[in-house]
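Data first, discussion second: the structure below is written as structure tokens.
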Amino acid sequence: MFFCYMSIEGNDNALLTITWDDAGLGSVRLIDQTKLPETLEYIVCKNHYEVANAIKNLSIRGAPAIGVAAAMGLALYAVNYNSNNKEELFSGLWTAYDILLKTRPTAINLKWGLDKIMAESAKYDTVHEIKENIIKMVKEMSDDDIKANKNMGRFGSDLINNGDVIMTHCNAGALATVSYGTALGVLRSAKESGKKISVFATETRPVMQGSRLTAFELIYDKIDVSLVPDTAVGYLMMNKMIDKVVVGADRILKSGHVFNKIGTYQVALLANSHNVPFYVAAPLSTFDLESDLDSIVIEERSADEVVKIAGKRIAPKEVRVFNPAFDITPPNLITGIITEKGILNPPFEKSIFEVFEIK
Ligand code: MRU
């Protein structure tokens, strides 16, 4: 086991979820999130198949993180290609694109990352130039992800008052991005600006991103956090224990519908009926301005995630299971969407078009 930290604006120990390593032909190093919170271990991927597996088995997860991971997977295909035939490289890149795209269907960032690399590759005439510029691009994507999160944090921090108690669901933190996080980036930024905040993290059954990852990284950054069962959300809100909710997103449509971890919709409904402001923090790379609501595939994951906890069976062998990984929160339940370009207010159809400068 070894540890990897980075320095981002004054934090020498920030968690760095994924990095491109130039040594040798190049490799991708990522925190193995299936091992958290017990151990902070890293996986080194040397080809796109290994990256695809890491995405599929949730070693790396969270929309922005898998966008960068997929892009790096394509870059690995390119650096491993050892001939000079540009057309052949291109056709191999498309095959790798399909393999990486099929890993997880709901977060749009995955396709965004892959499309960026394919568009960049199309600009150059030689295999050498393509390789060089793809590598440059994945490094820029990593840096941009952190910058976007820091900006989102600054905008979002203005919404947080000193003493606020904030609920978050799933993990939209450093571990779901390259570093710093979206929803948790807002909380980090509020704390950095001197505000005293405390957080309630939901466990987020069945994969437990809340207890395994959010609790881990908030404790790591010394942000006050309490863990609650998903089933306690209504009780906390009814007892006025929550001032605001901040969550991340896997895909946001032009209508303002937000796809996020299963359970988000329930939290949003409860927040709405208890007059608790409900914010979504997400970079512009999470917006999908083309798709219709009905066309998005909600990932269904294995029954094992539901019938077992830490490998131990907790349901009868015969039971049928339905395990959707994401749900949809409609725009009427959302108070604001925090992006790196500012806070989008309802009506979202209008504010989303404005931020993308669409007439
Ligand atoms: O299945 P996961 O863990 O990849 O789901 C992640 C989420 O739903 C996060 O809340 C979302 O990606 C936002 S991450 C900044």
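The values are calculated or read from the model by the stated rules, or taken from the named source; none is laboratory data. Predicted model, so just to flag it, every value in this text is computed and none were measured. Note that each Cβ is placed from the backbone with ideal geometry, even for glycine, and that neighbours are counted across all protein chains shown.
Computed values, structure above
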quantity	calculated
Condition check for Phe326: under 26 Å from Ala232 (Cβ atoms) and of a type in the set (Phe, Trp, Tyr)	yes
Identity of the residue in the range 171-201, more than 20 Å from the chain's Cα centre (by Cα) and charged (D, E, K, R), that ends up surrounded by the most Cβ atoms within 10 Å (Cβ to Cβ)	Lys191
Unique residue being modelled with pLDDT of 95 or more and outside the structural domain of Trp94 (by TED's automatic domain parsing) when the list is Val165, Val127, Val138	Val165
Qualifying residue in the range 162-170 (condition: farther than 19 Å from Tyr279 by Cβ, within 14 Å of the chain's Cα centre (by Cα), within 16 Å of the ligand (Cβ to nearest atom) and not in a loop (DSSP other than H, G, I, E, B))	no
Residue check, Val225 among the hydrophobic types (A, V, I, L, M, F, W, C), assigned by TED's automatic domain parsing to the domain that holds Thr339 and within 12 Å of the ligand (Cβ to nearest atom)	no
Pairs where the first residue, in the range 27-50, is over 29 Å from Gly92 (Cα atoms) and the second is among the acidic types (Asp, Glu) and in a loop (DSSP other than H, G, I, E, B), C-beta under 9 Å, 6+ apart	Lys35/Glu41; Thr39/Asp32; Leu40/Asp32; Glu41/Asp32
Close pairs (7 angstrom Cβ cut-off, 6 or more residues apart or separate chains): under 19 Å from Ala107 (Cα atoms) in the range 165-192, within 11 Å of the ligand (Cβ to nearest atom) and acidic (Asp, Glu) anywhere	Thr177/Asp145; Val178/Asp145
Selection status of Thr17, within 16 Å of the ligand (Cβ to nearest atom), within 23 Å of Lys150 (Cα to Cα), among the hydroxyl-bearing types (Ser, Thr, Tyr) and not assigned by TED's automatic domain parsing to the domain that holds Ser179	yes
All strands (runs of 3 or more DSSP E) inside the range 239-282 with 1 or more residues being more than 11 Å from the ligand (Cβ to nearest atom)	244-247, 251-253, 278-281
Subset of the range 41-62 that is assigned to a helix (DSSP H, G or I) and of a type in the set (Gly, Ala, Ser) - its residue that is nearest to Gly173 (Cα to Cα)	Ala54
